[in-house]
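Before any comments, here is the structure.
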Amino acid sequence: MLKQLLALFAAKQETISTQELQALVKTKQIQLLDVRSKTEYQAGHIKQARHFPLNQIETYKGPKGNPLYLICQSGMRSQKASRILTKLGYQTINVKGGMAAWTGPVSQAKF
């Protein structure tokens with residue numbers, strides 16, 4: 001058990017730049033989770049992103065067949081979400097720099 005936990009922490013997390021993500025969302029349908037707060041998400045998010053805040057990430061029940069892209073404001077919360085979801089069996093890709101580095105279009109939402 002300890003060996004498995006150490007392997008999880010030692011494993012390098014896969015990352016993608018915001019430029020690479022921008023190209024992907026134009027050409028492919030991907031699973032993109034925005035793990036920021038409700039207020040941050042409402043202020044502006046990537047159109048294809050689904051809101052799923054970090055404080056609820058352990059309850060995520062999405063499909064496991066395709067990579068799950070994770071974004072937050074700077075990349076720190078999405079990195080934490082990535083570790084949690086990887087432990088739950090998901091293949092995750094963290095967006096480096098988060099929304100602070102995103103230069104593409106954003107949508108605003110009301111809940």
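The values are calculated or read from the model by the stated rules, or taken from the named source; none is laboratory data. Everything numeric in this text was worked out from a predicted model, so none of it was measured. Positions of Cβ are generated from backbone atoms using ideal geometry, with glycine treated the same way; all protein chains shown enter the neighbour counts.
Things to note:
- MET99 fulfils the conditions (1) assigned to a loop (DSSP other than H, G, I, E, B); (2) touching a His at 6+ places or on another chain (Cβ under 8 Å) except for a single criterion, (1).
- Note on the stretch 47-84: among residues that are out of contact with any strand residue (DSSP E or B) (no Cβ under 7 Å at 6 or more places or on another chain) and small (Gly, Ala, Ser), the one that is surrounded by the most Cβ atoms within 10 Å (Cβ to Cβ) is SER74.
- Among the residues of the stretch 23-46, the ones that are at pLDDT 95 or above and among the charged types (D, E, K, R) come to 4 in all.
- Neighbours by Cβ (under 7 Å, 6+ apart or cross-chain): first from the stretch 58-83, closer than 14 Å to LEU32 by Cα and of a type in the set (S, T, N, Q); second at pLDDT below 95 and surrounded by fewer than 23 Cβ atoms within 10 Å (Cβ to Cβ): GLN79/GLN13; SER82/GLN13
- In the stretch 37-46, the residues that are surrounded by 18 or more Cβ atoms within 10 Å (Cβ to Cβ) and not in a helix (DSSP H, G or I): HIS45, ILE46
- Whichever residue in the stretch 41-63 is farther than 16 Å from SER107 by Cα and among the β-branched types (Val, Ile, Thr) and, among such residues, is nearest to the chain's Cα centre (by Cα): ILE57
- Filtered residues of the stretch 7-22 (kept if in a loop (DSSP other than H, G, I, E, B), over 20 Å from GLY62 (Cα atoms) and at pLDDT below 95): ALA11, LYS12
- The stretch 85-106 - residue that is β-branched (Val, Ile, Thr) and buried (at least 16 other Cβ atoms within 10 Å of the Cβ) and, of those, farthest from the chain's Cα centre (by Cα): THR86
- Within the stretch 25-36, the set of residues being free of Cβ contacts under 8 Å to residues at least 40 places away in the same chain, closer than 22 Å to GLN108 by Cβ and outside any strand (DSSP E or B) comprises LYS26, GLN29, ILE30.
- Pairs, first of a type in the set (A, V, I, L, M, F, W, C) in the stretch 87-109, second outside any loop (DSSP other than H, G, I, E, B) and surrounded by fewer than 21 Cβ atoms within 10 Å (Cβ to Cβ), C-beta under 6 Å, six or more apart: ILE93/ILE16; VAL95/ILE16; ALA101/THR18; TRP102/THR18; ALA109/GLN42
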